[in-house]
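Taking it in order: structure first as structure tokens, then the write-up.
The values are calculated or read from the model by the stated rules, or taken from the named source; none is laboratory data. Source: prediction; values computed, not measured. Positions of Cβ are generated from backbone atoms using ideal geometry, with glycine treated the same way; all protein chains shown enter the neighbour counts. Only protein heavy atoms, including side chains, enter the accessible area calculation; ligands, DNA and RNA are left aside. Shrake-Rupley method; radii C 1.70, N 1.55, O 1.52, S 1.80 Å.
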Amino acid sequence: MEHRIVGPGPYRATKLWNETVELFRTRMPLRKHRCRFKSYECCFTAAEAVDWLHELLRNSQNFGPEVTRKQTIQLLKKFLKNHVIEDIKGKWGQEDFEDNRHLYRFPPSSPLKPYPKKPPYQKDVIKFPEWNDPPPGTSQENIPVRPIVMNSEMWFKRHSIAIGEVPACRLVHRRQLTEANVEDIWKSMTLSYLQKILGLDSLEEVLNVKLVNSKFIIHNVYSVSKQGVVILDDKSKELPHWVLSAMKCLANWPNCSDWKQPMYLGFEKDVFKTIADYYGHLKEPLLTFHLFDAFVSVLGLLQKEKMAIEAFQICCLLLPPENRRKLQLLMRMMARICLNEEMPPLCDGFGTRTLMVQTFSRCILCSKDEVDLDELLAARLVTFLMDNYQEILKVPLALQTSIEERVAHLRRVQFQKSYPEVYQERFPTPESEALLFPEKPKPKPQLFMWALRKPFQPFQRTRSFRM
């Protein structure tokens with residue numbers, strides 16, 4: 001049961017749906033079954049479908065071994081609702097699929113989902129300021145000038161300009177690199193890095209560039225604590241104190257120094273339920289609705305772990321600071337709970353790691369529109385985040401260094417054009433250095449006597465020797 005790897009790009013969720021439907025329809029074993037003294041050809045039971053599809057999803061590199069049987073049943077419910085399957089009486093359209101001996105079959109035709117049509121986004125090409133661009137509201141025609149008395153000399157100058165012998169004079173405006181220009185540079189280069197890692201010709205179909213806020217990127221890079229957690233300027237967007245205390249309690253279990261309430265049997269389960277209820281009632285997932293396609297696209301790079309981490313780093317920089325902070329604190333708590341051997345079971349029938357993924361995956365990644373595979377994709381992403389959260393939620397150093405060097409270069413060029421004499425004194429050119437520090441004549445190498453001697457020759461007998 002091979003599942004083709006769907007790489008990064010637009011409509012990845014739809015491609016995964018179509019790929020899974022095709023594999024299920026073409027490879028699911030069909031056989032003859034009896035029900036109520038009647039035989040049915042080419043059908044399967046609900047339990048057989050769950051077993052086969054669960055094995056397919058677990059062995060697929062697009063979903064991974066973390067897929068649970070419950071998630072497989074949820075997917076089969078969506079198959080029944082979308083008429084991928086039907087019961088032996090031809091009924092479909094409702095999500096009443098259960099893991100039992102009820103018989104199902106494939107309809108004669110199961111149309112695949114068409115790719116959604118999105119409004120074309122215009123490319124947001126950022127134009128950096130030119131030093132001779134006039135400021136807004138001015139033009140060369142509106143430059144105030146004094147009336148000039150025409151004489152022979154002025155007539156000769158105008159005539160020379162008209163015939164092209166002398167170039168016309170233009171007013172050159174030297175503009176400064178503003179804060180808005182710096183923000184545009186951060187946005188432009190960040191998106192450029194993401195596009196390069198994903199290997200796409202354009203980000204238009206996975207990301208609305210106009211919704212990317214450059215202020216969020218800069219804040220997420222520089223306004224951080226020593227532990228790398230974002231610091232918010234607006235304290236009203238902080239986590240409620242009781243939620244933060246509950247998260248600290250479970251993250252440091254059993255050493256809950258901040259928790260002053262008396263503990264009892266099952267106390268940790270109630271604390272966990274409190275945290276889960278808060279995150280479950282968020283109006284928008286932490287990774288936001290408009291970045292859903294971008295994060296799903298990055299999931300296609302999980303086979304190349306280093307590239308996937310770099311892409312996730314950049315995508316997380318695009319988040320609002322309050323979302324990034326909540327995500328950082330949540331992932332740190334989840335990772336510590338999974339590694340804590342002293343933590344009692346928080347749910348009967350589920351392992352701690354599976355419970356973390358199932359509880360928080362939907363509040364981390366979710367689509368605004370109904371996407372049939374969003375639960376499986378969210379679980380896949382949260383699993384990868386838990387394993388690599390320390391690297392993913394770091395600021396990408398290579399990107400930060402590159403942007404800072406770009407901004408410093410533009411400021412240096414601005415200073416050079418605004419104050420050329422001062423710049424020449426501070427940063428001399430090779431020509432000016434040659435005038436200030438003339439090159440001294442190099443002394444000729446000394447000739448040694450041994451260099452004039454002939455090379456060694458073998459001894460030869462002469463007549464002066466006695467025979």
Legend entry - Failed item in (1) surrounded by 20 or more Cβ atoms within 10 Å (Cβ to Cβ); (2) touching a Gly at 6+ places or on another chain (Cβ under 7 Å), with residue 394 passing the rest: (1)
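When region 60-90 is examined, which residues are found to be of a type in the set (Ser, Thr, Tyr) and surrounded by fewer than 20 Cβ atoms within 10 Å (Cβ to Cβ)?
Residues of region 60-90 of a type in the set (Ser, Thr, Tyr): 60, 68, 72.
If the condition is that a residue be of a type in the set (Ser, Thr, Tyr) and surrounded by fewer than 20 Cβ atoms within 10 Å (Cβ to Cβ), then 68 is the only one that fits.
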Inset, instruction - Assess whether residue 251 counts as being touching a residue at least 60 places away in the same chain (Cβ under 8 Å), surrounded by 16 or more Cβ atoms within 10 Å (Cβ to Cβ) and of a type in the set (Gly, Ala, Ser). - result: yes
Inset, instruction - Please list, ordered by first then second residue, the pairs with beta carbon atoms under 6 Å, 6 or more apart or interchain, first in region 366-387 and modelled with pLDDT under 85, second surrounded by fewer than 20 Cβ atoms within 10 Å (Cβ to Cβ). - result: 368/289; 372/78; 374/367
Legend entry - Cross-chain or 6+ apart pairs with Cβ under 6 Å, region 221-245 first and without any contact (Cβ under 8 Å) to a residue 60 or more places away in the chain, then charged (D, E, K, R): 245/258
Inset, instruction - Please specify each residue of region 31-59 satisfying the condition of being in contact (Cβ under 8 Å) with a residue 40 or more places away in the chain, over 24 Å from residue 379 (Cα atoms) and open to solvent by 20 Å² or more (accessible area, probe 1.4 Å). - result: 35, 40, 42
Inset, instruction - Residue by residue through region 234-246, note down the ones that are closer than 23 Å to residue 317 by Cβ and either touching a Ser or Thr at 6+ places or on another chain (Cβ under 7 Å) or among the hydrophobic types (A, V, I, L, M, F, W, C) (or both). - result: 239
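Regarding residue 84, is this residue modelled with pLDDT of 85 or more, closer than 30 Å to residue 194 by Cα and part of a loop (DSSP other than H, G, I, E, B)? Reasoning before the result, please.
On the way: modelled with pLDDT of 85 or more: yes; closer than 30 Å to residue 194 by Cα: no; part of a loop (DSSP other than H, G, I, E, B): yes.
Answer is no for this residue.
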Legend entry - Residue count for region 397-409, restricted to those that are over 16 Å from the mean Cα position of the chain (by Cα) and open to solvent by less than 20 Å² (accessible area, probe 1.4 Å): 2
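Each row is one residue, and each column tells you yes or no for (1) touching a helix residue (DSSP H, G or I) at 6+ places or on another chain (Cβ under 8 Å); (2) crowded, with 23+ Cβ neighbours inside 10 Å.
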| position | (1), (2) |
| --- | --- |
| 318 | yes, yes |
| 322 | yes, no |
| 331 | yes, no |
| 334 | yes, yes |
| 337 | yes, no |
| 345 | yes, no |
| 351 | no, no |
Inset, instruction - Among the residues of region 268-303, write down those that are assigned to a loop (DSSP other than H, G, I, E, B) and modelled with pLDDT of 90 or more. - result: 281, 282, 283, 284, 285, 286, 287, 288, 289, 290, 291
Inset, instruction - Kindly establish whether residue 355 is in a helix (DSSP H, G or I), more than 15 Å from the chain's Cα centre (by Cα), farther than 22 Å from residue 20 by Cα and not polar (S, T, N, Q). - result: yes
Inset, instruction - With the condition kept exactly as written, say whether any residue in region 329-338 is within 16 Å of the chain's Cα centre (by Cα), at pLDDT 90 or above and either more than 19 Å from residue 67 (Cβ to Cβ) or in a helix (DSSP H, G or I) (or both). - result: no
Inset, instruction - Report yes if some residue within region 63-78 is β-branched (Val, Ile, Thr), over 21 Å from residue 108 (Cβ atoms) and in contact (Cβ under 8 Å) with a residue 60 or more places away in the chain; otherwise report no. - result: yes
Inset, instruction - Looking at (1) within 24 Å of residue 334 (Cβ to Cβ); (2) of a type outside the set (D, E, K, R); (3) open to solvent by 10 Å² or more (accessible area, probe 1.4 Å); (4) touching a residue at least 60 places away in the same chain (Cβ under 8 Å), find the lone condition where residue 298 falls short. - result: (3)
Inset, instruction - Filter region 198-224 for residues that are over 30 Å from residue 6 (Cα atoms), open to solvent by 40 Å² or more (accessible area, probe 1.4 Å) and either out of contact with any helix residue (DSSP H, G or I) (no Cβ under 8 Å at 6 or more places or on another chain) or among the hydroxyl-bearing types (Ser, Thr, Tyr) (or both) and give the result. - result: 222, 224
Inset, instruction - Quickly run through region 20-49 and pick out the residues that are more than 11 Å from residue 102 (Cα to Cα), aromatic (Phe, Trp, Tyr) and over 39 Å from the mean Cα position of the chain (by Cα). - result: 37, 40
Legend entry - Of residues in region 304-313 being charged (D, E, K, R) and in a helix (DSSP H, G or I), the one nearest to residue 237 (Cα to Cα): 310
